[in-house]
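Structure first, commentary second.
A short reminder: the numbers here are calculations on the coordinates, not readings from a lab. Not measured: the values here are computed from a predicted model. In this analysis, Cβ positions are derived from the backbone assuming ideal geometry, glycine residues included, and neighbour counts consider all displayed protein chains.
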Amino acid sequence: MTTLELEHTGALWWATVFLVALLGLGIGSFLNVVAWRVPRGESVTHPRSACPGCGHPVRARDNVPVVSWMVLRGKCRDCGEPISVRYPLIEAATALLFVLVLWHFGLGIEFVAYAYLAALGVALTSIDLSVHRLPNALVLPAYGVLAVLFAAQSFITGDWWPFARAVIGGAALFALYFGAAIVYPGGMGFGDVKLAGVIGAALGWLGWGPLVVGAFSAFLLGAIAGVVIIATKKSGRRTRIPFGPWMIAGAAVGVAWGDSVWDAYTGTWA
Ligand SMILES: [Zn+2]
């Protein structure tokens, strides 16, 4: 047995949910630091967090995920500068995603892999929406992290087929996005291409259904968002809509529902 399969009921399950949610809140708080500093080329460990308004270091009691923001009513204790609601939202979203990953995968190596990917997705979504970039410093290490975790899981189970599928999926999505970036340079950046390889590996590990559904969902969600944004804009002014968040949302759809959508589509459930 490589994964601790918990019944989704009882004290042990809820205690695990509680601890994983706390872990998510803590990681989410760190992701706020990552999302602010990595695009600026700053260290994520030094110096301590400070208010961008008055420069006063954030006190430990004002650094409690979600709770501090509510206690402070979204304002700096020293200068009253508004603190974006994005901070508690990122912390709460990370906690929720961690619990969903636990729900889906149980407690094992796959939990570590997909919780890591969820955290990466939250940070990249936040950064891509604000500065239209997917920093190499965040995307490229994911290839190594997934290779190590997936190899460890395959070594334990003795089944290397999912690992091979992850390599194939990563190469396939990388090639697909690379082609799109060459053909249509205005729409796709090379940050998207590098992220596509990570997403392809993460989906391919799970199966062909998650890979196809996840990849297709990204384009579907991106197209819907594009239509909505164009329809609600007054002028025909060109806006570059970042595609990274839709790749990540599509990947989440592929992880959660890829197998069932694929089975329904190919009729193997009948
Ligand atoms: Zn301040």
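The listed peptides 206-213, 143-150, ordered by packing as a protection proxy, come out as 206-213, 143-150 (highest mean of other Cβ atoms within 10 Å first). Note on C79 and A60: the extension gain reaches 5.1 nm, defined as 0.36 nm multiplied by sequence separation minus the Cα-Cα distance. Rounded to two decimals, the Cα-based Rg/Rh of the range 1-139, with Kirkwood Rh, is 1.02. With the simple model of a label 7 Å out from the Cα in the direction of the Cβ, A256 to M70 spans 2.3 nm.
Computed over the range 1-60, the convex hull of the alpha-carbon atoms projects to a mean area of 6.8 nm². Sorted on the mean count of surrounding Cβ atoms within 10 Å across their residues, most packed first, peptides 54-62, 173-181 read 173-181, 54-62.
The shape of the chain can be summarised by an equivalent ellipsoid whose semi-axes, obtained from the alpha carbon gyration tensor, come to 31, 26, 18 Å from longest to shortest.
Percent of C-alpha pairs per 5 Å bin in the range 88-220, short distances first: 2, 10, 18, 23, 23, 14, 7, 3, 1. Taking amide H as placed 1.01 Å from N in the peptide plane, A50 has its amide H under 5 Å from the amide H of V58, each at least 5 places away in sequence or on another chain.
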